[in-house]
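All remarks here apply to the structure that follows.
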Amino acid sequence: MSEKTIVAIMYDFDRTLSTRDMQEFSFIPRLGMDSAEFWSFANDLGTREHMDSVLAYLYAMVRMSEQRGIPLRRSQLVEMGRSVEFFDGVEDWFDRVNAFGRECGVTVEHYIISSGMKEIIEGTKIADKFRSIFACEFLYDSSGKPVWPKTDVNYTNKTQFVYRINKGVLDVENDLDLNRSMPDDSKRVPFCNMIYIGDGLSDVPCMKMMKAYGGYSIAVYQDRKKVEALLERNRVDFIYPADYREGSGLDVTVRNIIRKMAISDVLFHENAAQKRGQE
């Protein structure tokens with residue numbers, strides 16, 4: 001088997017790996033607000049101003065901090081990542097999956113594609129498990145104060161990051177190489193070697209992309225009713241409780257997908273070798 005065979009697992013973050021939206025663990029309580037109040041303000045702002053919903057919540061974070069005289073700094077957002085809580089099994093999931101990949105002869109890489117805050121994710125216990133974290137981010141001045149949205153990962157543009165992983169163009173500044181035509185056999189991670197794990201409608205564009213191009217998509221849930229329609233409408237391959245522990249349904253299926261990808265790669269290279277032998 002080729003040593004370059006890579007399996008990429010891509011994750012949403014909020015309610016996929018973490019049990020709640022990441023702002024709800026520290027940021028919103030710090031404002032003296034409850035979650036419903038904060039998200040209502042952000043959502044109403046977006047509706048009223050015909051605004052991208054992600055940009056609306058980023059603005060709400062800055063505005064509400066300023067109104068309450070509470071400084072918002074990058075270092076504080078990173079520190080807030082320490083309070084994020086994860087579903088059962090998440091914290092040791094990545095090492096277990098990586099080890100299984102090695103047993104199968106492939107390299108497993110993990111990526112975040114999230115509309116949440118990159119700074120908060122960077123402060124979590126699992127931040128070092130990802131090859132890249134694609135998420136919303138502020139531009140900061142010399143004091144660490146946010147002055148402008150630097151990256152906006154909304155529900156539809158999530159798919160660009162799938163293409164970045166596919167081509168190995170992980171620098172979000174590099175659009176030239178991202179848009180450059182590239183033969184399929186030279187792309188770093190084929191779509192058929194990708195798995196996307198998310199929790200709902202915001203992940204549908206990436207999930208449908210996986211189904212269209214030969215990868216796999218999995219919806220995890222706390223309430224099964226919220227994702228059943230995704231399965232019924234053929235928008236996702238599998239649905240499972242958000243349980244990442246060894247032996248769970250999610251764990252077994254991801255292992256089986258990795259095993260299938262590894263076997264497919266073996267057969268591909270065997271076929272290529274035979275064709276070369278006939279030349």
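The values are calculated or read from the model by the stated rules, or taken from the named source; none is laboratory data. Please read all numbers here as calculations on a predicted model, not as lab measurements. With ideal geometry, Cβ positions are generated from the backbone for all residues, glycine too; neighbour counts draw on all protein chains shown.
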Scan the stretch 32-48 residue by residue and report those that are of a type outside the set (A, V, I, L, M, F, W, C) and either over 15 Å from residue 22 (Cα atoms) or in a helix (DSSP H, G or I) (or both). 32, 35, 37, 40, 43, 44, 46, 47, 48
Working only within the stretch 174-214, note down all residues that are surrounded by fewer than 15 Cβ atoms within 10 Å (Cβ to Cβ) and either hydroxyl-bearing (Ser, Thr, Tyr) or within 25 Å of residue 90 (Cα to Cα) (or both). 181, 186, 213
How many residues of the stretch 206-225 are closer than 24 Å to residue 134 by Cβ and either of a type in the set (Phe, Trp, Tyr) or in a helix (DSSP H, G or I) (or both)? The answer is 10
Only one of 107, 16 is among the polar types (S, T, N, Q) and surrounded by fewer than 21 Cβ atoms within 10 Å (Cβ to Cβ). Can you tell me which? 107
Criterion first (modelled with pLDDT of 95 or more and either surrounded by fewer than 21 Cβ atoms within 10 Å (Cβ to Cβ) or part of a loop (DSSP other than H, G, I, E, B) (or both)) does residue 139 satisfy it? yes
Scan the stretch 165-192 residue by residue and report those that are within 12 Å of residue 8 (Cβ to Cβ) and aliphatic (A, V, I, L, M). 165, 170, 189
Across the stretch 147-173, what is the total count of residues that are in contact (Cβ under 8 Å) with a residue 24 or more places away in the chain and either crowded, with 21+ Cβ neighbours inside 10 Å or not in a strand (DSSP E or B) (or both)? 14
Considering 123, 116, 105, which residue is touching a helix residue (DSSP H, G or I) at 6+ places or on another chain (Cβ under 7 Å), in contact (Cβ under 8 Å) with a residue 40 or more places away in the chain and more than 27 Å from residue 63 (Cβ to Cβ)? 105
Return the only residue of 61, 51 being crowded, with 21+ Cβ neighbours inside 10 Å and out of contact with any His (no Cβ under 8 Å at 6 or more places or on another chain). 61
Taking the condition of being more than 16 Å from the chain's Cα centre (by Cα) and of a type in the set (Val, Ile, Thr), how many residues in the stretch 190-230 meet it? 1
Only helices (runs of 4 or more DSSP H) wholly contained in the stretch 49-128 count here; list those with 2 or more residues that are at pLDDT 95 or above and acidic (Asp, Glu). 90-104, 118-122
Taking residue 91 as meeting all but one of (1) within 20 Å of residue 26 (Cβ to Cβ); (2) within 14 Å of the chain's Cα centre (by Cα), write down the number of the exception. (2)
Considering residues that are among the hydroxyl-bearing types (Ser, Thr, Tyr) and either in contact with a Pro (Cβ under 6 Å, 6 or more places away or on another chain) or within 18 Å of residue 14 (Cα to Cα) (or both), the number found within the stretch 141-164 is 4
Residue check for residue 223: surrounded by 15 or more Cβ atoms within 10 Å (Cβ to Cβ) and either in contact (Cβ under 8 Å) with a residue 24 or more places away in the chain or more than 20 Å from residue 157 (Cβ to Cβ) (or both): no
Quick check, is residue 44 closer than 20 Å to residue 244 by Cα and among the acidic types (Asp, Glu)? no
